[in-house]
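Reviewing the structure listed below.
The values are calculated or read from the model by the stated rules, or taken from the named source; none is laboratory data. A quick note: this is a predicted structure, and the numbers were derived from the prediction, not measured. Neighbour counts run over all protein chains shown; Cβ positions are idealised from the backbone, glycine included. Areas reflect the complete protein model, heavy atoms only, side chains present, ligands, DNA and RNA absent. Shrake-Rupley method; radii C 1.70, N 1.55, O 1.52, S 1.80 Å.
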Amino acid sequence: MASTLSVKAKGLIIGGGFPVSIQTMWKEPLASQALEAAAARIRGLAGLGCDVLRFAVPDLDAAETLGRLAAMVELPLVADIHFDWRIALRCLDFPIAKIRINPGNIGARWKVEEVARKAADKGVPIRIGVNGGSLPQDLREHVDSGSLLRAEALVEAALREVEAFEAIGFRAIVVSMKASSVEETLEVNRRFARERDYPLHLGVTEAGPLVPGVVRNTAALVPLLKEGIGDTIRVSLSDSMESEIVAGREILAAAGLGRTGVTLVSCPRCARAGFDTHAFTARWAPRLYALATRVTIAVMGCVVNGPGEARHADLGITGAGDKVVIFRKGKIARTIRREDADIVFEEELRALE
Ligand code: SF4
């Protein structure tokens, strides 16, 4: 698949063959009195691998708050606006990296055009998001009568919006067409990619809790990414932003597009375990996913199979009776007390960084 056009969202280029970026969405209302804490959390998200962070902006007060936050952080922040074009206009007075609108619910065409003109003046791209649940009425009727596939209707809805922006000369566009099924997500993005070369934002919408959400997004996104379709991804989960980012990284890795960082191997645990791999992995995952070096880390329950099963790991930790063993490249390096596991593991990790 030939590379798409590109847009610039603050320091990030989306499309044009640049690395596929990972997005997540802020999940709580943004409190104006807690911006320092929000900025600190955003820096943590960036450390985990988040490239773009989107915020729902439900009213003008929220636009002011997001505008102040955008000036405090490096990470590109996206304002997501429904219904009221004046909120989008206000957001464009701040260092917002991208605007996301659903033109179908903004109302009169001139309102959308006003947003596009101001975005063009400011050099800010717009993501046009169309959703299987909010198709234009005529297309919905065709889908309901069976004369149009939902995927065809989603592409048609997106093309209408794209053409409306093109008509006023605005081409700094990213397109998303969200469906909640894997098959429709595959179909709609393949169809659009054959039609136009705008960068695509991929994701399965309303994909559910952690496990089903990751499975559905993986099933849809990995084949598309392997076909060269998709420039930025968001794994929507009924779970934390951190989980969405880690899921995004693992999906990119599964598609052969992984970036520098950790490959985490951990055993499922069984009756042989002398070490709680679940608790250790949960405790260390945020730190490990923030590593900048390309390393494989293994967390194994027992010495019977642990080092052998993870012999390619740069660093490993495994239970051994009431002790814990540190191994490097599958070879036992140190045997320590279980209560010293975190301290020693930290030392060994620093030696790798
Ligand atoms: S590494 Fe040991 S504890 Fe973990 S699953 Fe394998 S045999 Fe069980």
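Quick rundown of the values:
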quantity	calculated
Every residue from the range 142-174 that is open to solvent by 50 Å² or more (accessible area, probe 1.4 Å) and either outside the structural domain of Trp110 (by TED's automatic domain parsing) or without any contact (Cβ under 8 Å) to a residue 12 or more places away in the chain (or both)	His142, Asp144, Ser145, Gly146, Ser147, Glu163, Ala167
Residues that are within 18 Å of the chain's Cα centre (by Cα), outside any strand (DSSP E or B) and not charged (D, E, K, R), drawn from the range 1-37	Gly11, Gly17, Phe18, Pro19, Val20, Trp26
One residue from Asp61, Asp93 being open to solvent by 60 Å² or more (accessible area, probe 1.4 Å) and either assigned to a loop (DSSP other than H, G, I, E, B) or of a type in the set (Ser, Thr, Tyr) (or both)	Asp93
Checklist (1) in contact with a helix residue (DSSP H, G or I) (Cβ under 9 Å, 6 or more places away or on another chain); (2) basic (Lys, Arg); (3) closer than 13 Å to Leu264 by Cα applied to Arg294, failing item	(1)
Neighbours by Cβ (under 8 Å, 6+ apart or cross-chain): first from the range 265-276, closer than 12 Å to Arg338 by Cβ and at pLDDT 90 or above; second within 6 Å of the ligand (Cβ to nearest atom) and open to solvent by 100 Å² or more (accessible area, probe 1.4 Å)	Asp276/Arg269
Filter result for the condition that a residue is open to solvent by less than 60 Å² (accessible area, probe 1.4 Å) and among the hydrophobic types (A, V, I, L, M, F, W, C), over Leu210, Leu139	Leu139
Pairs with Cβ under 6 Å, 6+ apart, first in the range 329-341 and within 18 Å of Ile297 (Cβ to Cβ), second open to solvent by less than 40 Å² (accessible area, probe 1.4 Å)	Gly330/Pro307; Ile332/Val325; Ala333/Ile326; Ala333/Phe327; Arg334/Ile326; Ile336/Val324; Ile336/Val344; Ala341/Val324
Given (1) within 16 Å of the ligand (Cβ to nearest atom); (2) open to solvent by 70 Å² or more (accessible area, probe 1.4 Å); (3) free of Cβ contacts under 8 Å to residues at least 24 places away in the same chain; (4) of a type outside the set (Val, Ile, Thr), number of the condition Gly308 does not satisfy	(2)
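Results for (1) within 17 Å of Phe55 (Cβ to Cβ); (2) within 28 Å of the chain's Cα centre (by Cα), shown as yes or no for each residue.
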| position | (1), (2) |
| --- | --- |
| Cys91 | yes, yes |
| Glu113 | no, no |
| Leu135 | no, yes |
| Asp138 | no, no |
| Leu148 | no, no |
| Val155 | no, yes |
| Leu159 | no, yes |
| Phe165 | no, yes |
| Phe170 | no, yes |
